[in-house]
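For reference, the structure is listed below as structure tokens.
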Amino acid sequence: MRIDLHTHSVISDGTDTPAELVANAAAAGLAVVALTDHDTFDGLPEATAAGERIGIEVVPGLELSCSREHQSVHLLAYGADPEDPALAEEMVLVRNGRTGRLRPVLDKLAELGVPVSEDEVLAFVGSSPSVGRPHIADALVAAGHVLDRREAFDRFLADGGPAHVARYAIDIGRGVDLVHGAGGVAVIAHPWGRGREQLLPSSILTELVAEHGLDGIEVDHQDHDAAARAGLRQLADRLGVLATGSSDYHGTGKVDHDLGVNTTDPETYARLRSLMDQRALTEQRAPATGRTGG
Ligand code: AMP
Ligand code: ZN
Ligand code: FE
Ligand code: FE
């Protein structure tokens, strides 16, 4: 049984519609796939319906844009309630922040001699409720300034790059709290990828588990080398939290991230599932018990 818990559709910055993604997951031999678009639940109804039709289990997920010390950190959430007001409110701020920095990024790109217009970027946004760097990268490719998204990030858009502009994000500890408040399970995404080892060392991950109840660590991810995977697996075992593995599939938007390239073992998934079920039950009971206190 192959399980992939981190994928993106056109509702964020992937290239498959949610239904195509689920069909591709089944074709890739996956039994379980989680849709984890950035900062939006909008793709889940379509993905869930496709899963029921095709006969593959779809886990309702989310990848929340968080930060630590002004640097970007991603948090995966499973089974969070899309209607939870606190989480929904924060996601509006994140999405507005992402779209709002489009103009300053385009100004920087023009200064750097690789101009693209707002319309050229918007042509790649499709059904996504916000405009992200990958969409800007697509416009740079289309304009012939770079060959692919990777070159666009490496030369211009990466954190700290010459056209990078910071945007609103949620502190990682608060992100975990928000996910829990929405009845979800919180797993930190690719914590040691792209030089984040210094930003999220073992001590900080330990603190997130101890103080916020972080539920898991994404261990097997293409941004992690063998040493990072081994270190994170050991840490997850020591802390008693879930150690997941996933593709972070973006369709044709990200090379070397094919569906199922990393997977989560069935025992770990069973633990995750039971946490999701427990929290969903607690959520349902909350209004009844919570009301007595006013
Ligand atoms: P944004 O939310 O607009 O800041 O864009 C973040 C997204 O850009 C991430 O989710 C990744 O998919 C992608 N991304 C960020 N940094 C890089 C990088 N160095 N190379 C390729 N893609 C990246
Ligand atoms: Zn993405
Ligand atoms: Fe991510
Ligand atoms: Fe992702």
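Going by the conditions given, is A152 assigned to a helix (DSSP H, G or I), without any contact (Cβ under 8 Å) to a residue 40 or more places away in the chain, buried (at least 20 other Cβ atoms within 10 Å of the Cβ) and away from ligand 3 (no atom under 16 Å from the Cβ)?
It is true that A152 is assigned to a helix (DSSP H, G or I), without any contact (Cβ under 8 Å) to a residue 40 or more places away in the chain, buried (at least 20 other Cβ atoms within 10 Å of the Cβ) and away from ligand 3 (no atom under 16 Å from the Cβ).
Looking at P201, P162, P191, can you tell me which residue is closer than 19 Å to H221 by Cα and over 19 Å from the mean Cα position of the chain (by Cα)?
Numbers: P162 fails: closer than 19 Å to H221 by Cα; P191 fails: over 19 Å from the mean Cα position of the chain (by Cα).
The unique qualifying residue is P201.
Residues that are away from ligand 3 (no atom under 16 Å from the Cβ), open to solvent by 50 Å² or more (accessible area, probe 1.4 Å) and in contact with an Asp or Glu (Cβ under 7 Å, 6 or more places away or on another chain): does region 102-120 have at least one?
no
Scan region 239-268 and report the pairs whose first residue is away from ligand 2 (no atom under 12 Å from the Cβ) and whose second residue is among the basic types (K, R), with Cβ atoms within less than 7 Å and a gap of 6+ or a chain change.
Within 7 Å, the pairs are L242/R271; A243/R233; G260/R2; T263/R2.
Would you call D237 open to solvent by 10 Å² or more (accessible area, probe 1.4 Å) and within 16 Å of ligand 4 (Cβ to nearest atom)? Show your work before the answer.
Working: open to solvent by 10 Å² or more (accessible area, probe 1.4 Å): yes; within 16 Å of ligand 4 (Cβ to nearest atom): no.
The answer is no for D237.
What residue, among those in region 1-16 that are open to solvent by 40 Å² or more (accessible area, probe 1.4 Å) and over 16 Å from the mean Cα position of the chain (by Cα), is farthest from ligand 1 (Cβ to nearest atom)?
First pass over region 1-16, keeping only residues open to solvent by 40 Å² or more (accessible area, probe 1.4 Å): 1-2, 15.
Imposing the further condition that a residue be over 16 Å from the mean Cα position of the chain (by Cα) reduces the set to 1-2.
Numbers: M1: 27, R2: 23 Å.
So the residue we want is M1.
Answer yes or no: is there a residue in region 71-79 that is buried (at least 24 other Cβ atoms within 10 Å of the Cβ), among the aromatic types (F, W, Y) and farther than 20 Å from T252 by Cα.
Within region 71-79, one or more residues are buried (at least 24 other Cβ atoms within 10 Å of the Cβ), among the aromatic types (F, W, Y) and farther than 20 Å from T252 by Cα.
For the structure I just gave you, tell me whether T40 is in a loop (DSSP other than H, G, I, E, B) and not aromatic (F, W, Y).
On the way: in a loop (DSSP other than H, G, I, E, B): yes; not aromatic (F, W, Y): yes.
Here the answer is yes, as T40 does meet what is asked.
The values are calculated or read from the model by the stated rules, or taken from the named source; none is laboratory data. This is a predicted model, so every value here is computed, not measured. FYI the Cβ positions are ideal-geometry reconstructions off the backbone, even for glycines, and counts take in every protein chain you see. Heavy atoms of the whole protein, side chains included, go into the accessibility calculation; ligands, DNA and RNA do not. Shrake-Rupley method; radii C 1.70, N 1.55, O 1.52, S 1.80 Å.
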